[in-house]
1. If you take just the helices (runs of 4 or more DSSP H) that sit entirely in the stretch A:100-182, which of them hold at least 3 residues that are at pLDDT 85 or above and closer than 15 Å to B:Ala121 by Cα?
2. Cβ-Cβ distance below 9 Å, separation of 6 or more or different chains: which pairs start in the stretch B:141-165 with a residue that is more than 7 Å from chain A (Cβ to nearest Cβ) and end on one that is among the charged types (D, E, K, R) and not in a helix (DSSP H, G or I)?
3. Can you tell me how many residues in the stretch B:37-59 are assigned to a helix (DSSP H, G or I) and in contact with a helix residue (DSSP H, G or I) (Cβ under 9 Å, 6 or more places away or on another chain)?
4. Only one of these conditions is not met by B:His110: (1) over 12 Å from A:Leu133 (Cβ atoms); (2) surrounded by fewer than 16 Cβ atoms within 10 Å (Cβ to Cβ). Which number is it?
5. So which residues in the stretch A:71-94 are within 15 Å of the chain's Cα centre (by Cα) and at the interface with chain B (Cβ under 9 Å from one of its Cβ atoms), if there are any at all?
6. Restricting attention to the stretch A:50-74, which residues are crowded, with 22+ Cβ neighbours inside 10 Å, modelled with pLDDT of 85 or more and among the β-branched types (Val, Ile, Thr)?
7. Could you figure out which of (1) within 20 Å of A:Pro100 (Cβ to Cβ); (2) of a type outside the set (Val, Ile, Thr); (3) in contact with a Phe, Trp or Tyr (Cβ under 6 Å, 6 or more places away or on another chain) isn't true of B:Gly73?
Amino acid sequence: MIHLLYIYWLFLKIGLFTFGGGYAMIPLFQLELVERHQYLTGAEFANIVALAQMTPGPVGLNAATYIGYQQGVIALGNVLGTYPAGILGALFGTVGVMTPSLTLVLAAAVFLAKFQENKYVKAVLGGIRPAMLGLIGAAVIFFANTSLFTAPLQSVFKNLSGFGVSWQALLIFCAVLFVEFKYKVNIIFVILGSGLAAWLLYMI
Amino acid sequence: MKKQLILFKSFFVISAVTLGGGLAMIPVIQKAFTEKNKWLSEEDMADIIAVTQSSPGIIATNIAVLTGYRVAGVSGAFFAAIGAVVPPFLSIVVIASLVQHLAASETVNHIFTGVRAAICALILAAAIRMAKKIIKGKFEIVLALFGFIGMLFNMNAILLVILSGISGVIFTLSRKKEEKQ
């Protein structure tokens, strides 16, 4: 139970310190859940982001629900049974990440009619937005480690021979980047197409 | 109570059909609340979008809270937010319980490697689009580098956000002083 309260607190923190939603939440999840607490591996997290993109609802909310479920099963699976424990964990994660919306944003709506025109709010965001951009840029490298590179990019510095690139993944990466900028394709088709392409390419 | 139920139902439906969430919801909400029900004016809608973009947390639930509040007060905000959360919650719980049973076969692994490569490209594309909007001068470049390097070295993310917010205030205040002189 204490573990679930901690999960609630973790997601509350992530929700509270993310501005701009969606992709901005990904690096914070990465740092807190993958690097710091090691609740899941980088590859598992990247899979969750992909699943979150293909299901209704925002990525951050979906990831919180999913990871909450997982942690619920780990913490209370033996006591409550897999499904009830998972659902309870999912509730803690979801409510945690929503708490800033239901408290701070609601309070801003009630008390500050012109919240976004406040000069301090503007100044703070002027600093946070570019930093978030840097975080997202670094998240690209973490995600590349789980797909494009057969050994993490950082290990190049330690051992040059241990470095390898999956050409199949690199090909898909370039194709998706090209499609994203050239055409406006629904993200679900992009992800399904990439999975199909990988299946075919790895058979060669 | 009628308004609250309509809010719940509208956000339930909007959340269930908009994949990827967030800002994709806005045109649908606009249609439902300014055109069909006439509960919000175009100005209200513009305000909601502006506040959403400077608030912490999930964009979709922020939009639901702000819209619900304008239409029916605090209870409206809660009904709208719960409506927006239920469909993704149910779908993820179902997926999470299924994934536990999926055996990790070689083929599944290969497919997901491809999917992860795609996600990597999608995030890079999003970062490039964001950079075009956000980067205006040296200050933004320095802070973006700070975020990038901090993340690579696993710096505490919360501390990173707080420090960048503080430097935003210092930068804005010092620039105002220069303008005055």
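1. In the stretch A:100-182, A:119-145, A:167-182 are the helices (runs of 4 or more DSSP H) which contain 3 or more residues that are at pLDDT 85 or above and closer than 15 Å to B:Ala121 by Cα.
2. Within 9 Å, no pair qualifies.
3. Within the stretch B:37-59, residues that are assigned to a helix (DSSP H, G or I) and in contact with a helix residue (DSSP H, G or I) (Cβ under 9 Å, 6 or more places away or on another chain) number 11.
4. (2)
5. A:Thr94
6. Passing the criteria: A:Thr65, A:Ile67, A:Val73.
7. Only one criterion is unmet by B:Gly73, namely (3).
One line per residue, one yes/no per condition, for (1) touching a strand residue (DSSP E or B) at 6+ places or on another chain (Cβ under 9 Å); (2) assigned by TED's automatic domain parsing to the domain that holds B:Gln53; (3) surrounded by 17 or more Cβ atoms within 10 Å (Cβ to Cβ); (4) within 28 Å of A:Ser147 (Cα to Cα):
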residue	(1), (2), (3), (4)
B:Gly114	no, no, yes, yes
B:Cys120	no, no, yes, yes
B:Ala144	no, no, yes, yes
B:Phe148	no, no, yes, yes
B:Met151	no, no, yes, yes
B:Leu160	no, no, yes, yes
B:Ser167	no, no, yes, no
B:Ile170	no, no, no, no
B:Arg175	no, no, no, no
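The values are calculated or read from the model by the stated rules, or taken from the named source; none is laboratory data. Predicted model, so just to flag it, every value in this text is computed and none were measured. Neighbour counts are summed over all protein chains in view; Cβ atoms, including those assigned to glycine, are modelled from backbone coordinates with ideal geometry.
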